[in-house]
Number of protein chains: 2
Amino acid sequence: MRRDVFQAIADPTRREIIGLLANKSLTLNGVAENFEISRPAISKHIKILTECGLVIIKQQGRERFCAVDFNRLKEVAEWVTQYHRFWNEKLDALGSFLEGE
Amino acid sequence: MRRDVFQAIADPTRREIIGLLANKSLTLNGVAENFEISRPAISKHIKILTECGLVIIKQQGRERFCAVDFNRLKEVAEWVTQYHRFWNEKLDALGSFLEGE
DNA sequence: GGTTTATGTAACTATTCGGTTGCAAAATTA
DNA sequence: TAATTTTGCAACCGAATAGTTACATAAACC
């Protein structure tokens, strides 16, 4: 079962969860309240997010608080920004490509 | 069928294809030569990449040259960097969270 | 102790994914 | 014109996804 950050953020619901948790940590039910889908569905998303380290959980009595560890997004940022010099410019294959090589 | 950039880059083979095409545009067979998997499998990956605008194809006789349009990666970069201020710092939920709120 | 609350988890379903093989079609080359 | 090359596409397959409902468990409250 592939479980990396890229796959974790591929799902729009999971990106929303990350957005929600950016401001304040929430319990699982607290997260679920913000969505239409069922609580177990959210639970599964959270599980995927914790499996790749994007979300950290702290048990507090019967509640489980979720928070985002944004350091894990670095991997994504690094992958994306390696191509930064290609944006808006025509240094890349697309440049000569569009100009008819 | 969801077909956005996040989902497109979720697959490691597709990220490799993007890396390959960053330097020079290649034909479909040219791309396929770099992988173990079959040509139709690569063809499907390319289709997904074109459907979300990450790859552009130019027909040239019987050959189809593929190039990456990196501008589409901006969407990803923007999503990621909105959380940039949270990295290495303890401004976020995780900070107070780990310190026992 | 009994009820409520927060969560986990199992079982199931439909759809999508990532791959395969086989065949068709169109352009190029001999 | 015939053979080769490049690609598209259909049909199929097994596994993963994203969701559901139903039930179990453990902590908290009365």
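The values are calculated or read from the model by the stated rules, or taken from the named source; none is laboratory data. The structure presented is a predicted model; accordingly, all values stated were derived computationally and were not measured. Methodologically, a virtual Cβ is constructed for each residue, glycine included, from the backbone with ideal geometry; neighbour enumeration extends over all protein chains shown. When the accessible area is computed, the model is the full protein with side chains, heavy atoms only, and any ligands, DNA or RNA have been set aside. Shrake-Rupley method; radii C 1.70, N 1.55, O 1.52, S 1.80 Å.
Chains A and B together bury roughly 3600 Å² of accessible area, counting both sides, with a 1.4 Å probe on protein heavy atoms only. With label points defined 7 Å past Cα in the direction of Cβ, position A:Lys74 shows copy-to-copy spacings of 2.8 nm, given to one decimal and shortest first. Considering only chain A, the C-beta nearest to the rotation axis that sends A to B is found at A:Ala10, 2, the distance in whole Å.
Remark on A:Asp69: its backbone amide H falls under 5 Å from those of A:Val55, A:Ile56, a criterion applied only to residues 5 or more positions apart or on other chains, H modelled at 1.01 Å from N. Measuring against 24 Å, Cα to Cα, the residue pairs A:Lys47/A:Lys74; A:Lys74/B:Lys47; A:Lys24/A:Lys47 contain A:Lys74/B:Lys47 as the ones spanning a longer distance.
Label-point distances for A:Gln59 to the equivalent site in the other copies, using a point 7 angstrom along Cα→C-beta, read 6.1 nm when ranked shortest first.
Provide the gained length on full extension for the span B:His84 to B:Arg39, in nm with one decimal, where the gain is 0.36 nm per separating residue minus the Cα-Cα distance.
Values: separation 45, 0.36 × 45 = 16.20 nm, distance 3.88 nm.
Gain in length upon complete extension: 12.3 nm.
Take A:Glu36, move 7 Å from Cα toward the beta carbon, and the resulting point lies 4.2 nm from the same point in each other copy, nearest first.
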